Every structure is written in structure tokens, then in C-alpha cells.
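The values are calculated or read from the model by the stated rules, or taken from the named source; none is laboratory data. Every value quoted in this text rests on a predicted model; they were computed, and no experiment measured them. Glycine also receives a Cβ, built like all others from the backbone with ideal geometry; neighbour counts cover every protein chain displayed. In case anyone asks, the SASA skips ligands and DNA or RNA and just uses the protein heavy atoms, side chains included. Shrake-Rupley method; radii C 1.70, N 1.55, O 1.52, S 1.80 Å.
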4 protein chains.
Amino acid sequence: MASIDLNADLGEGYGAWSFGQDEALMRSITSANIACGWHAGDPATMRASVLGCLKAGVAIGAHPGLPDRLGFGRREMALSPDEIYDGVLYQLGALEAFVRASGGRLRHMKPHGALYHMCNQSEAAAEAVARAAADLRCGLAVFAQAGSLLLEAAARHGLPAVAEAFADRAYTASGKLAERSLPGAVLHDPDAVLAQALGIASRGEAGTLEGPVLSLSAATICLHGDRPGAAEAAMLLRRGLEEAGVRVAAPDIGGPAGDGHDGGGGTGKRHER
Amino acid sequence: MASIDLNADLGEGYGAWSFGQDEALMRSITSANIACGWHAGDPATMRASVLGCLKAGVAIGAHPGLPDRLGFGRREMALSPDEIYDGVLYQLGALEAFVRASGGRLRHMKPHGALYHMCNQSEAAAEAVARAAADLRCGLAVFAQAGSLLLEAAARHGLPAVAEAFADRAYTASGKLAERSLPGAVLHDPDAVLAQALGIASRGEAGTLEGPVLSLSAATICLHGDRPGAAEAAMLLRRGLEEAGVRVAAPDIGGPAGDGHDGGGGTGKRHER
Amino acid sequence: MASIDLNADLGEGYGAWSFGQDEALMRSITSANIACGWHAGDPATMRASVLGCLKAGVAIGAHPGLPDRLGFGRREMALSPDEIYDGVLYQLGALEAFVRASGGRLRHMKPHGALYHMCNQSEAAAEAVARAAADLRCGLAVFAQAGSLLLEAAARHGLPAVAEAFADRAYTASGKLAERSLPGAVLHDPDAVLAQALGIASRGEAGTLEGPVLSLSAATICLHGDRPGAAEAAMLLRRGLEEAGVRVAAPDIGGPAGDGHDGGGGTGKRHER
Amino acid sequence: MASIDLNADLGEGYGAWSFGQDEALMRSITSANIACGWHAGDPATMRASVLGCLKAGVAIGAHPGLPDRLGFGRREMALSPDEIYDGVLYQLGALEAFVRASGGRLRHMKPHGALYHMCNQSEAAAEAVARAAADLRCGLAVFAQAGSLLLEAAARHGLPAVAEAFADRAYTASGKLAERSLPGAVLHDPDAVLAQALGIASRGEAGTLEGPVLSLSAATICLHGDRPGAAEAAMLLRRGLEEAGVRVAAPDIGGPAGDGHDGGGGTGKRHER
């Protein structure tokens, strides 16, 4: 039976400022990437997001970003590998405290924005992020774009590497996301999005702008929560996948069961710190 | 045999800005309170401070502060108990990640500046801080001023409560620190400081501005690192205590041995998360 | 002919986060208090808000706050008068640069949130704010709650002092705003709001919770932009006032005309720096 | 008579953290670049620095940086031209308020760190900075590295462009600064530094690593304040220059006299805003 995870960024408000449609989105996704206070998020929001995920049975992940709140972590910065490592470890630890305090388990991490992109292109950045994830010593799965250097780095560190694909973005024949400026680069039609998601989940492939089918192995699909209608689109996609016989669940990354997420079925083997 | 801990705040630089005399001070103290990035400290400094403590055999603690870097966490802010809880838990988790990554153990926490003082006076603030310490779920000892509401709150949450005294500050007959503006409120003479430290460590008492001796039960003495000559004064104090037959060591708070600090001698019972 | 100003806070987004309904609100108000980057606002938002005001003919004011973005400037902080002065002057200067760059004139300032309240109660805080406003040396009018110590301080410094009243909040017989928790403290009915605004604008009085009429001299009414329906309520209020024969315009504070706001009618006397 | 300006960055502390040797350095320099609160500096420090310059007769300039306090503005960030413009204008306005409040005049600006370097390489960055300087509408001189795109951009906007050279850094035959890693790239010998400064001030030339003399037209020399012995080195250099008959003074950029700096001799023509 085909299986896929649906992930989205959550908790990206800050103080008095809200962002996205977290509550509605949480009903459709199976993994959440929670902002950790640097590009977005704050302690109160982190706590609320963790509790929300536990209640909704959504697997909890960390979403560390660059130290650039003004730019929402979307502006590349010339950081050294050590600066990346330190900043990611800081954010992971901060979020993990809230997860632990509420009796849950931090299951994965996915870098945000410019940091996500830096990990696609820079071996040193990818290695720094993976090293921080490993040093948290809780068997964190690492989410990264299919083909990203970060997936290799995570594997080198013995961490579950979870490849991510996009259902609402067109790919090119070379396996990259088509530039947003190109016609057809962003899929708006819910049926087209569902078709691409089904291709990814069932056959490990996606169509391309040029036409030929691309082989694309991914265990999670990234949804966006900050657009009008995002929550409805997510719900439609999930229903469509399930009606087509695809199991929608957080990836099985081992570790203890009973941490309140759909993906459960862990091994019962107690994770060692 | 009388025993006392010597603690000091470390890692209170920020980015390009340094602060205090950490390296020299680390040779005299037995417990360090490491800033966690809010009032001071940053991820790189936190990592370096943790590694320095491990190397020097100093017990590692967290030193969370108010979200006021400009004011160095010294300006009281009207925070709700939840805001205090969330902010402290965030900082504890961030530091704990660095400690865990380097194979050490986070042993205690002590609030900084205005937050420290708020815990002396406000039941709600003290409860919020203690609750955050408890929710980190690693048996954190809580350092607070002798007589502070925070000590009671820590005990309520089943955490080791470690009372702190000052060797270089005069007390009043009511058991409070004398206002700095009063003549004789700050002890500058190393012999007087040592005498007060010995009184605290050996007999559980301190002289007062008014004359009579004050009964003062404390397991740790707070040293300051940000004054000229601070490191030398700390070294003199430690030597004086040891020459007088006082054991200078981190408080025994239970938990695993072998985490690279002097206080060792733990119970061997693996701490449960 | 009765005349009243309608003011509201604008530009209180931050980076990717938006706030309030600035564009719609700008059609009803005659004075805007633009956030200056501390409690809210950022340079791009400040520029956009200034240009929006110039286009809409809304008088431009500064809305400095406490250095507490996480708390939106709503949490009181124990700042010294010098810290208040320095922080307010910094923010005024920053905003004034955008106003100057776009050919406009900064006409007034109104402190935000906790700083606004501190100026009602603390002589030292009020004096610090007024001194900063005076030291900008451009004849800034100072908006403050009717009865606030800040109005006296502004007058001492030779600045136009503009008393502010609320049309959607009930007063007590002692002239203070009724606590929000009291029944009837917040007026929701548009007719009641308009009636109170007309009382303020035409007769200098407001009803009170206790019954008797309160004498209340105010030249501006504060509108809120962050509630659902805020822009529509503002539009209704403005129309209601104008239909009742009240002139709605920015207060005449002297200075050059031709700076693109309704209140115009300046003296033609060039303001001296 | 040969004339040269000596400039240095001042006011780069933050809150409780100090930086450099401002007080001593102020006795040797003729132009100060004062941090504006983004990469370093805070309102209290800005006020103190402005007052210090006025007292010491040092011409006051602004030193805006990137929004990266943690990285001290030294890490390049992918900012859009509008983001650069907005950020620089914000900082210029903030500092100008303190200068105006103390009766002085803001005479120049010089971008800091990574922003300084971005202006050497990116036409768009240079244009954004120059446009912000021009839009402050007070005839600000722009300091930039000899050969920088920022000098051309300043001239395009009708602002005095002041080329900067380094007396303690070796140049290459192509006119660039030699990489610090190259042997001989940094001049440590005070006599060598003085010789290079004299070459710049008197003959408009500097030796190069490769040997041949480089033609180098510059009106100001950059001194560094954050190294041990920096203040003494600055004093030696100034004395050496003056004993060799070079006039050490802020550049004459026009504008009113009587603003408390050495460079005086302005035109008496009141600067128009």
C-alpha cells in the first residue's frame, strides 16, 4: 500500500502577530515543522503548537531558521558552518524542551527558508545542519528536498533522511523545481495537485514542464499554510489521496510508540540518549 | 567536614562583545551559570562555555534571563507567569542541547538579574520558574537566594533547592542583603570576604551591619566575574576556604556520576526522563 | 463649528507579519501614529505608511514604544528616564527621516502601549518623553490621554499638547477609563460610540458609568484598527460626525502648510530648527 | 599644504557591552563614524558618542550596518536594494536626531562591515546607500573605499564623496587591499604605517606588495579602535603626520561653521532642508 506524509510549517507567528492557518491545517497534515524562535515563532507559540500537534496526532518536528526575524529567514546570510551548527542546535534544543515538557517526542527537523536552500547547494551547510541534528542525540529524522545534499549528510550521521517533494510545483527534466516565474511552474488546479501527489506517493514520479516523466522518490509532501484557501486545499489533497487508497501518515522513523501521532507503530525499542 | 559550592555567571558575552573573565574564573568556581541567549550569551558562546566547564570540571548550570538584551536582563518587566515559564523553558532547552551534545549533564539553573529578584518577591514568578525547571525533566537543581520564594517552589516540584549566599555583601539583621548605598554594604577586603565565606560554609552564619550574627543556611556562594580583579579574588577565596579545611565542590544533587565535574559522587541511579 | 481629529495607530506590522487594516482605516482618520520599529514596524513598513498617509492626506505622527517586540510594547518595563528619553528620540529620528525623505512633515507623536500608560502615572516618564519630543526640534505636537502628565510636560517644553479621548470606552465619574472588565466599559453599539464622540467634539463631555456627565476636553479621538470591522466602524463614525456638522481634521499645530494633510491652514511661519 | 582626515568607528558597544577605546581614540581622530543601533550601538551609546565628539571637536558621521547584531554586521546578507535603502535611512535618521538634539550637525556617513564591502562590488547596493544618504536631505558626505562604486553613486546624487585609504594595510598593484592572509598585508610597524599615511596625504600614493608605487587619491585614512594599543598607535600617527607638516582635519564638505569640529571653515551658507 502506498504511503505518504504531508508536512507543513506551523507556529510561524511572533508575539502579537499571527501567521498562516495552523488550526485548520493541523487537521490535514501528518507532520508539522514548528518554528523555533529565530526566523519566526516564540516560546508561547511553540508551546501552543506542540500541544496542538499532540492533540491532533500530528508528528512534531523542528523548523530552525536563520537569525533574521525581519527577513523571516528568507534572506541568505554568509554564515560559517559553525555558526549554522550552533544556531540550529540552539533552536532544536529550545523546541525539544517544550515537546519533552508536554510528554511528546521530537521526531524530525526541517530547515527553513534560506537555510533550506543553502543545504541544497552547500556541502558545508548541509553537514553543519546534519551534525546539529545528530548531536541532539534523539534520533531526529531530517526532512530535506529530494536530491538535497542534506539527505546525504543526515545519512552519514546515521539519521533517518526523509526526502520531500512538492505537489503544487512543477519540476524540470533535470529534477529541480521550475522557477516560479516560468508559466506552469506553480500548480493552482486542485486536480493537478492531487494528480502530482498521487504520482509521487504511488509511482515515485512527477511530470515535468518539458513533458517526460521524472523519477522522484519522496516520503513526504510539503504543503503551504500561508496562502488564502491553504487549509481547504490541504484537506482536499488529503481526502483525494486517501480515497485513491494512499495511506497518509508520518514516516516511520523508529523509536517509541505512544507519542500521540498517526505514524506510530514504532519498534518498541527505547531510544537511547 | 564543611563543604561549599562556589558559583558564578559565565558566557555573558554576545557575538563580538566579550564580558567578564570566564577563563580565569573557571579555575576557582565549582558551578557555572551559563547565559542562554536572552539577556546575554549566544549559541557559539554557549558551546564554548559548556566545553570550558567540562574541561575545567565545573558543574554546568543554566542562567536564563528576561527577554531584554539591551538592558542585560536587569530591568524588571511586567511578564505574566506563562510568559516567564515559556521563556525559561525555552532557554533551558537551548542550553541543555549544547550540554547533551558535548556529553555532559545540565545540573542546575539560576535565574538572572531582574528575574532572580522577581523570584524573591513574587510567588507567581517563582512558581513559573520552578515549573519550567521541573518540566525539563532532568532533575535540575534550582539555585536561588537564601530565603527566596523560588527555593520553596523548587521543593514543591521535587527539585533540589540550593540556597545561595554572598560573601562580599553585608546582610541586615532581617536576613536581607544591605542596600549597596549603605556604608559597609559591599565588602572589599579579601580577608573580610573570606571570613564571611567561612562563617557561611562552616557555621551557617554571617555577621550583619547591625552587629548580631545572622543564621544563614546556604550551600553555594555567588562570585562575580565582571569586576577588575574578580578572577584573582575568586582564587584567593577558594584557596582560603580550602586551607581552612572547607571542601569546595558542586552540591551533590544526585544523578549519574562521570559527567566531568568535581561534585561527582552521584548515586549511580540513572536519571529517568 | 466643532472640530475633532480622529487618530489611529498604523504601520504595526513587522517584516512578513501584517497587522490591522491600515489601508481601509486611512480613509477615515485624520492623524496617524506610525510605529517606529521597536514595539512594531520596520523600515519598509514605515516608508509605506508615510507614503500612504501623504497620499491619503492624513497627518503623520510617530508612535514610539518600549524595546519589547515580543510583547508588542504592552508590558511595562522598569526603564530609567534617560533610557526612555534615548529610546524615544531614537525612534522619532528614524521615522522623521522617512517623512523628510518623502517631502512630508512629522507633525506629532504619541507613545505606545505601556509607555503611554507610564506617562499617565509617572512624572519622570512623561518628562523624558516630552524632552525627547522637544529635542527633535521640529515643533512636534504631543498626543496623550486627557489628564495625562504627558500633556503638562509637553506644554512645559513649549510643544502643542493634544488631549485624546476615547469614543468606544466608558469613563468613570473620576475621569478615568472604566476597567475593561466592568460591564459597559467597552461600547460596541455604533450609535453609542457616535453619541460619545459627538459629546466630546461638540460639548466637551462624556457620559460616565455612574451616570453623571463628565467634562472632558479633547482635541482628538483614538480609533482602533486591529479589531474585525474596525475600518467600517471608523468610516461610520467619521460620516456620523460630519453629518452632525462636526469638522473632522488634524489639529492645527502651526507650522508650514502644504504638507499634504487635511488639517492644513498652517501659519505660513517657517518652523525653526 | 597637504591635508588629511583621520576617521574611526565609534560607539560600537551595546548595552552593558563595551567595545574599543573610544575615549582615547577621540583625541586623535578628526571624523567619527558612530554606530546606529543595528550592527552595534544603542540609543544611550549614540548620545554619549555624539556628545563626546562635540566636546572633542570631532566631526560626526553615521555608521549604519546590516540588521545582524549577532554577527556585528560582518556577514553578508542577500538584501534587496530597497531593504538596504530603508535600513540605512532608518539608521541615519535615528543618529541624526541625537546630533540635532545636542546642537551639532551630522556631516557624513560610512557604511559598516559587510555593507561597506557590498558597496564596493554591487552597483545596486551602492546606489541604495547613496540614495538613502541623499534623502536625508542634509548634504551628508559619503565615505567609501577609494575606488568603491559608492563614491560614484554619491556623486550622482550630488553628495560630497570622500575616498578612504588605509595606512596599515598593504595594497596590490591593482589598487586593492592585499588579502590579510598574505605576508606583509598588515602593517604593524608604526614607522611603516606613518610612511604610508604620509604617502597618501602628501603625494597621493602608496607602495604595493609587488613593489611599484600605486597612485591613490584619498581624503581620509581609516583607523581601527578595537585592537590593543589602537589609541596609542592613532596618537603616534597623528603626531607624525603633523610633525611632517600635514594638516589633520575633517574634510571640508561645505555647510555651516560653528558645529564644533576641527574641519570648520564652512561657507556660512545655511544648509537648506
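Worth pointing out:
- Failed condition for D:GLY158, given (1) touching a residue at least 24 places away in the same chain (Cβ under 8 Å); (2) small (Gly, Ala, Ser); (3) within 16 Å of D:SER215 (Cβ to Cβ): (3)
- Helices (runs of 4 or more DSSP H) contained entirely in the stretch D:83-178, each with at least 3 residues that are open to solvent by 10 Å² or more (accessible area, probe 1.4 Å), aliphatic (A, V, I, L, M) and more than 14 Å from chain C (Cβ to nearest Cβ): D:149-156
- Of the listed requirements (1) under 15 Å from the mean Cα position of the chain (by Cα); (2) touching a residue at least 40 places away in the same chain (Cβ under 8 Å), B:CYS119 misses just one: (2).
- Taking the listed residues C:ARG69, C:ARG75, the one that is open to solvent by less than 30 Å² (accessible area, probe 1.4 Å), basic (Lys, Arg) and either part of a helix (DSSP H, G or I) or modelled with pLDDT of 95 or more (or both) is C:ARG75, with no other qualifying.
- Selection count where residues are open to solvent by less than 20 Å² (accessible area, probe 1.4 Å) and under 14 Å from C:ALA167 (Cβ atoms), scope the stretch C:226-241: 5
- Close contacts from the stretch C:67-83, counting a first residue that is within 17 Å of A:GLY13 (Cβ to Cβ) and a second that is open to solvent by 60 Å² or more (accessible area, probe 1.4 Å) and not in a loop (DSSP other than H, G, I, E, B), with Cβ to Cβ under 9 Å and a gap of 6+ residues or different chains, come to C:LEU70/B:GLU83; C:GLY71/B:GLU83.
- Residue satisfying all of: in the stretch B:16-35; surrounded by 21 or more Cβ atoms within 10 Å (Cβ to Cβ) and within 9 Å of another protein chain (Cβ to nearest Cβ); farthest from B:ALA218 (Cα to Cα) among these: B:TRP17
- Against the numbered list (1) free of Cβ contacts under 8 Å to residues at least 40 places away in the same chain; (2) within 14 Å of chain D (Cβ to nearest Cβ); (3) within 16 Å of the chain's Cα centre (by Cα), C:VAL50 comes up short only at (1).
- Residue match in the stretch B:193-210 (condition: open to solvent by 60 Å² or more (accessible area, probe 1.4 Å), under 30 Å from B:TYR90 (Cβ atoms) and not basic (Lys, Arg)): no
- D:LEU66 vs. criteria in contact with a strand residue (DSSP E or B) (Cβ under 8 Å, 6 or more places away or on another chain) and not β-branched (Val, Ile, Thr): yes
- Residue, farthest from the other protein chains (Cβ to nearest Cβ), within the stretch B:64-82, restricted to residues that are within 21 Å of the chain's Cα centre (by Cα) and among the small types (Gly, Ala, Ser): B:GLY65
- Apart from one condition, A:CYS222 fits all of (1) out of contact with any helix residue (DSSP H, G or I) (no Cβ under 7 Å at 6 or more places or on another chain); (2) without any contact (Cβ under 8 Å) to a residue 24 or more places away in the chain; the exception is (2).
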